[in-house]
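*Asks:* This is the structure I have questions about; it appears just below.
The values are calculated or read from the model by the stated rules, or taken from the named source; none is laboratory data. Since the model is a prediction, treat every value here as computed from it, not as a measurement. Cβ placement follows ideal geometry from the backbone for every residue including glycine, while neighbour counts extend to all protein chains displayed.
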Amino acid sequence: MTATHTDPLDVVRQYHQRTKHRPDRYAASLGYLDWASQPHPFRRFDGAATLDLPRPALRAAPTYDSLFATVPAAAPLDADTVGRLLLHSLALSAWKQVGPGQSWSLRINPSSGALHPTEGYVISGAVPGLINAPGVFHYAPFSHQLERRATLTEAQWTALTAGLLQPGLLMGLTSIHWREAWKYGERAWRYCQHDVGHAIGAIAFAARTLGWQAQLLDSVIDTDLARLLGTDTQSGPEAEHADCLILLSPAGSSAPTLSADAWQARIPAIAPLGTPNTLSHDHHPWPVIDAVANAAHTPGPTAAAHHAKPHTDTSPDRRHSAEQIIRQRRSAVDMDGRSPLDRASFYRLLARTLPGAFVADALPWAPRISLALMVHRVTDLSPGFYLLVRDPAHDASLRQSLSDQFVWETPEGCPPDLPLFRLIGDDARRAAQAVSCQQAIASDGAFAVGMLAQFDAALAAGGARAYPRLFWETGLIGQVMYLDAEAAGLRGTGIGCFFDDMMHALMGITDTAWQSLYHFTLGGPVEDDRLQTLPPYAHLDSQ
């Protein structure tokens, strides 16, 4: 990518091609870990006033499966609700320790390499027992606190939220690209966007346990969001890049549609409080990440609102606590190559990724992602290559783009409302491993997934800003798979290292109408007994 590529669409297309992994050439990175410049894992704002959040005990209800069948009674907007919301979306979930002084944190929202580029913000009015005046707050997961970044007047809060569902909160997400680039180089921007999608999904799940809903407000442009969050004053490699704004409110109503101009008029000018801490004392420059980030932040068309028929889940309730499933989620580091997934659970998991299920409905646009599945160990289901068509509008394009050798048959026992097709019956294990940078974890699970994005059509309709949103959708789907794996007694993991065009060749794709953006696998985990798992907040309990 050179300075001659100034059109935002050209920039994102060039970045996408440039950062593809190939068997003979991986995307550019340092090729080693510069431990001296490893980023600090937690952003703090020195000098900002802090508010302690409650850490309520886990509840047996609602159950995980019930979240997809019924809506819990809406919790009141109070300190307990805000504490639970953050505790079950962006907080620490555990620590891993390999020896004295050698530990790292895990979080509810997964991240590539556990590097956690995603930062969360809460924009709120007064909350009984917690917030005495409206403001903008950064969430600090290490201390489970809110850091006040700005105080809003009552008039500013009223203007900002006029017409929005009440009671309600706004949550903003940002990315520190350096956190991922330190390890992964140029491809890191992709992983940051996956992580945003996982965070949106984590917030949607946490909200549902409270009888609330999460709705992404996509007409807010990035420069206005940065002004609201106070990140517009940051610069350099450790700057936070504004990603998205989410409305949280009691479930059951639709968010009003506001134009970008309307948002710009209601977002106040603030004087940010606190100084961001330094994450690294040295940085390797990755100018291509800055280029694609700037291109993707270019204002463009907002996708038309999409309203899917509500998904009705009538499968048996396994009686797992939803909060327990959320808090126990881990990324598998190895699979045992034996554990199967039963067919009913497989079909149930896929149905929960479809529009109409509450998680997918956090995104306001029509689906752009369908799923290519390599099935290895699903009980009573033939191994082979399968395809989940997540939107009927994808069907014709996929049939045109994919191999003409595929048979497109309905698999045995498939529910009539699940648009799943067997493309070819075959042992897909070697292909899954080969395409996933030769990682055995992709062949040793019950199945592996390549998430195919309607690439050209999305960019033609939404411009360069559609590019990160494709990754957000893949991350959100991955979050559903993570939690459903836990509920099935298995474990999942996202796979960011895959050979892009090898995957396309497997599927018969010869152009960029469809592109694989994220891979995932699910199966029986193999635990590393060299690692000790420690509670997430023992450091606070001991104080």
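*Asks:* Any idea which of (1) of a type in the set (G, A, S); (2) under 27 Å from R179 (Cβ atoms); (3) surrounded by 14 or more Cβ atoms within 10 Å (Cβ to Cβ); (4) touching a strand residue (DSSP E or B) at 6+ places or on another chain (Cβ under 9 Å) is the one S37 doesn't satisfy?
*Replies:* Here S37 clears every test but (4).
*Asks:* Another question, if that's okay. For region 425-447, does any single residue satisfy the condition of being surrounded by fewer than 21 Cβ atoms within 10 Å (Cβ to Cβ), touching a Leu at 6+ places or on another chain (Cβ under 7 Å), closer than 30 Å to A293 by Cα and of a type outside the set (F, W, Y)?
*Replies:* No, region 425-447 has no match at all.
*Asks:* Among the residues of region 261-301, write down those that are within 30 Å of A393 (Cα to Cα) and either buried (at least 19 other Cβ atoms within 10 Å of the Cβ) or modelled with pLDDT of 95 or more (or both).
*Replies:* Selection gives V292, A293, A295, A296, H297.
*Asks:* Would you check if there is a residue in region 170-182 being farther than 30 Å from T70 by Cβ, of a type in the set (D, E) and under 15 Å from the mean Cα position of the chain (by Cα)?
*Replies:* Yes, region 170-182 contains a residue that is farther than 30 Å from T70 by Cβ, of a type in the set (D, E) and under 15 Å from the mean Cα position of the chain (by Cα).
*Asks:* Right, here's the next one. Looking at region 269-282, is at least one residue acidic (D, E), closer than 22 Å to R44 by Cβ and part of a strand (DSSP E or B)? Spell out the reasoning first.
*Replies:* Step one: filter region 269-282 for residues acidic (D, E), giving 282.
Restricting the remaining residues to those that are closer than 22 Å to R44 by Cβ gives 282.
Filter again for part of a strand (DSSP E or B), leaving none.
No - not one qualifying residue is present in region 269-282.
*Asks:* In region 148-179, what residues are among the hydrophobic types (A, V, I, L, M, F, W, C), at pLDDT 95 or above and either in contact with a Ser or Thr (Cβ under 8 Å, 6 or more places away or on another chain) or buried (at least 17 other Cβ atoms within 10 Å of the Cβ) (or both)?
*Replies:* Result: A150, L152, W157, L160, L169, L170, M171, L173, I176, W178.
*Asks:* Kindly establish whether F385 is part of a loop (DSSP other than H, G, I, E, B) and in contact (Cβ under 8 Å) with a residue 24 or more places away in the chain.
*Replies:* No.
*Asks:* Kindly indicate whether I221 is buried (at least 24 other Cβ atoms within 10 Å of the Cβ) and among the β-branched types (V, I, T). Before you say what the answer is, go through the steps one by one.
*Replies:* Values: buried (at least 24 other Cβ atoms within 10 Å of the Cβ): no; among the β-branched types (V, I, T): yes.
Spelling it out, it is not the case that I221 is buried (at least 24 other Cβ atoms within 10 Å of the Cβ) and among the β-branched types (V, I, T).
Table: residues versus (1) of a type in the set (D, E, K, R); (2) touching a residue at least 40 places away in the same chain (Cβ under 8 Å); (3) not in a loop (DSSP other than H, G, I, E, B); (4) not assigned by TED's automatic domain parsing to the domain that holds L517.
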| site | (1), (2), (3), (4) |
| --- | --- |
| G445 | no, yes, no, no |
| G450 | no, yes, yes, no |
| G463 | no, yes, yes, no |
| G475 | no, yes, yes, no |
| E486 | yes, yes, yes, no |
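*Asks:* Let me ask something else about it. Those residues that are within 30 Å of Y467 (Cβ to Cβ) and either out of contact with any Leu (no Cβ under 7 Å at 6 or more places or on another chain) or hydroxyl-bearing (S, T, Y) (or both), I need them from region 516-543; list them, please.
*Replies:* S516, Y518, H519, F520, T521
*Asks:* For S331, all conditions in the list (1) more than 21 Å from the chain's Cα centre (by Cα); (2) modelled with pLDDT of 95 or more; (3) among the hydroxyl-bearing types (S, T, Y) hold save one; what is the number of the exception?
*Replies:* Exception for S331: condition (1).
*Asks:* Then there is this: When region 356-382 is examined, which residues are found to be touching a strand residue (DSSP E or B) at 6+ places or on another chain (Cβ under 7 Å) and of a type in the set (D, E)?
*Replies:* D361
*Asks:* Only one of L170, L165 is part of a loop (DSSP other than H, G, I, E, B), not aromatic (F, W, Y) and not assigned by TED's automatic domain parsing to the domain that holds V359. Can you tell me which?
*Replies:* L165
*Asks:* Right, L258: under 22 Å from the mean Cα position of the chain (by Cα) and assigned by TED's automatic domain parsing to the domain that holds Q193 or not?
*Replies:* Against the criterion (under 22 Å from the mean Cα position of the chain (by Cα) and assigned by TED's automatic domain parsing to the domain that holds Q193), L258 does not qualify.
*Asks:* Residue pairs, Cβ under 6 Å, 6 or more apart or interchain, first in region 218-232 and more than 19 Å from R465 (Cα to Cα), second of a type in the set (G, A, S) and in a helix (DSSP H, G or I). List them.
*Replies:* Taking only residues 6 or more apart or on different chains, not a single pair turns up.
*Asks:* Another question, if that's okay. Checking the conditions here, which among A357, A308 is closer than 30 Å to G463 by Cβ and without any contact (Cβ under 8 Å) to a residue 60 or more places away in the chain?
*Replies:* A308
*Asks:* Turning to a different aspect of this structure: Could you list, in sequence order, all residues of region 42-55 that are in contact with a Ser or Thr (Cβ under 7 Å, 6 or more places away or on another chain) and surrounded by fewer than 16 Cβ atoms within 10 Å (Cβ to Cβ)?
*Replies:* Residues satisfying the conditions are D46, G47.
*Asks:* If you don't mind, another one. Being of a type in the set (A, V, I, L, M, F, W, C), in contact (Cβ under 8 Å) with a residue 12 or more places away in the chain and assigned by TED's automatic domain parsing to the domain that holds L173: is that true of W263 here?
*Replies:* Considered against the rule, which asks whether it is of a type in the set (A, V, I, L, M, F, W, C), in contact (Cβ under 8 Å) with a residue 12 or more places away in the chain and assigned by TED's automatic domain parsing to the domain that holds L173, W263 comes out as yes.
*Asks:* What are the residue pairs meeting all of these: first residue in region 140-158, first residue within 27 Å of N109 (Cβ to Cβ) and touching a residue at least 24 places away in the same chain (Cβ under 8 Å), second residue of a type in the set (F, W, Y) and crowded, with 16+ Cβ neighbours inside 10 Å, Cβ atoms under 6 Å, and 6 or more apart or on different chains?
*Replies:* L146/F137; E147/F45; R148/F137
*Asks:* In a strand (DSSP E or B) and either touching a helix residue (DSSP H, G or I) at 6+ places or on another chain (Cβ under 9 Å) or modelled with pLDDT of 95 or more (or both): does that describe L398?
*Replies:* Criteria not met by L398.
*Asks:* Next question, about the same structure. Does region 413-443 hold any residues that are in a loop (DSSP other than H, G, I, E, B) and within 24 Å of the chain's Cα centre (by Cα), and which are they?
*Replies:* Those that are in a loop (DSSP other than H, G, I, E, B) and within 24 Å of the chain's Cα centre (by Cα): L418, P419, S436, C437, Q439, S443.
*Asks:* Just checking, which of G135, G101 is without any contact (Cβ under 8 Å) to a residue 24 or more places away in the chain and out of contact with any Lys or Arg (no Cβ under 6 Å at 6 or more places or on another chain)?
*Replies:* The unique qualifying residue is G101.
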